[in-house]
């Protein structure tokens, strides 16, 4: 079922329910009013008869008679005496109001039981009935029933007309209400067919449809930016891959003449190829890390930032010993919300970067407290002109292009920080003179016993 059909069906159903309820309410209100008036007249007749001890048995608009326990009526009449009337005449308690049909006419009956010894009016005056009996009050309601039947037919016509009117209005309202939505749908289909993510939908007013247009435009912005970043990533990756692949191809061609090379040249050629393969592997790993986007998989949990720093420092010292670089650590316990592997990757990238640019015998200092990690080194640092670009993908300063690396490490750091609503800045360390990176993450409160 289409959305238009659902709107029409809902409109017709609501109108039908309202019409049916109104018809039922009208019918029962009229019926109760008519029968209530008749019942009131019968009740008043019974009260007057009891008050007069049966002195007068004729009342305007009604007929009364006495029914004995054996079913005999006084005076005799043509009113059928059924088992219900006899049961009251034989002593059943309470009163009964009912509608009966006698000779194609409708009557309203009131049955009032009388105990044994009751005084009632008779042809000789006042008589005492030794057995139980019942007094029967009858009034003709054929006219009222006929009016009610006419009312039912009228209400059926009204209900049918109301349903037809609701259907017509539902069609008109659905067309008018869904026309703007159809226009938006057509525009979206056009975007889908042309794949033109630069197209934007006219936002319109502040109603629900306008909100839908604005949300969809924001979605288009996100998709367009994502496509732009993907294209740029592919172009940058292809550019970065071209150099090591070309070098590998050249070295492989030279290696095909290995018998003509000196052992030292062959060893150097093999080492170069291993280094180039390692660079390619590192580049592919970094590209995979960036392709994960700003939201990685896995549950976010409370992490001890100081323990993560200690874990990264233990790994970094393995590489720092080769260049005789000392790493000073000053951490205090703090807890942040994040994912362990992503947080470790960001801190490790900063330490790896520091080891790479710190000269032999240099120094690296790392501090952590209150959700902040500061990594400083005694290397050449980053100039103020280059600082705005260091977190861009594949960006490398002129002084670092000769060094191994893909230029993606700091981009991954920025991505991790953005994922966990943190921040990262870079400047020059006033003590060591090299670069200083400051990572800041929102802290998470924990119990003291966790420390």
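Each value in this text was obtained by applying a stated rule to the coordinates, not by laboratory testing. None of these values were measured; they are calculated from a predicted model. Note that each Cβ is placed from the backbone with ideal geometry, even for glycine, and that neighbours are counted across all protein chains shown.
For the range 3-147, what mean projected area does the convex hull of the alpha carbons give, in nm²?
11.3 nm²
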Q: Be a star and scan the range 165-182 for residues whose amide nitrogen sits under 19 Å from the point 7 Å along the Cα-to-Cβ vector of residue 223.
A: 181-182
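Can you tell me the equivalent ellipsoid semi-axes for the range 301-450? Use √(5λ) from the Cα gyration tensor, largest first, whole Å.
Working: eigenvalues 124, 61, 35 Å².
Output for the range 301-450: semi-axes of 25, 17, 13 Å.
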**Q.** residue 27-residue 385 pseudo-label distance in nm [points 7 Å out on the Cα-to-Cβ vector]
**A.** 9.3 nm
Q) Under 19 Å from the 7 Å Cα→Cβ point of residue 431, by amide nitrogen: which residues of the range 368-389? A) 368-382
Q) Given a cut-off of under 8 Å on Cα pairs at least six residues apart, what relative contact order in percent is computed for the range 3-147? A) 25 percent
Q) Between residue 254 and residue 154, what length in nm is gained on full extension when 0.36 nm per residue of separation is reduced by their alpha carbon distance? A) 25.7 nm
Q) How do 441, 391, 28 line up, fewest other C-beta atoms within 10 Å first? A) 28, 391, 441
Q) With a 10 Å Cβ neighbour count serving as the proxy for reagent exposure, in which order, fewest first, do 420, 437, 157, 106 appear? A) 157, 106, 420, 437
Q) With each label point set 7 Å from Cα along the Cα-Cβ vector, what nm distance links residue 340 and residue 97? A) 8.2 nm
**Q.** Spin-label model distance (nm) - residue 104 vs residue 314, 7 Å beyond Cα toward Cβ
**A.** 10.8 nm
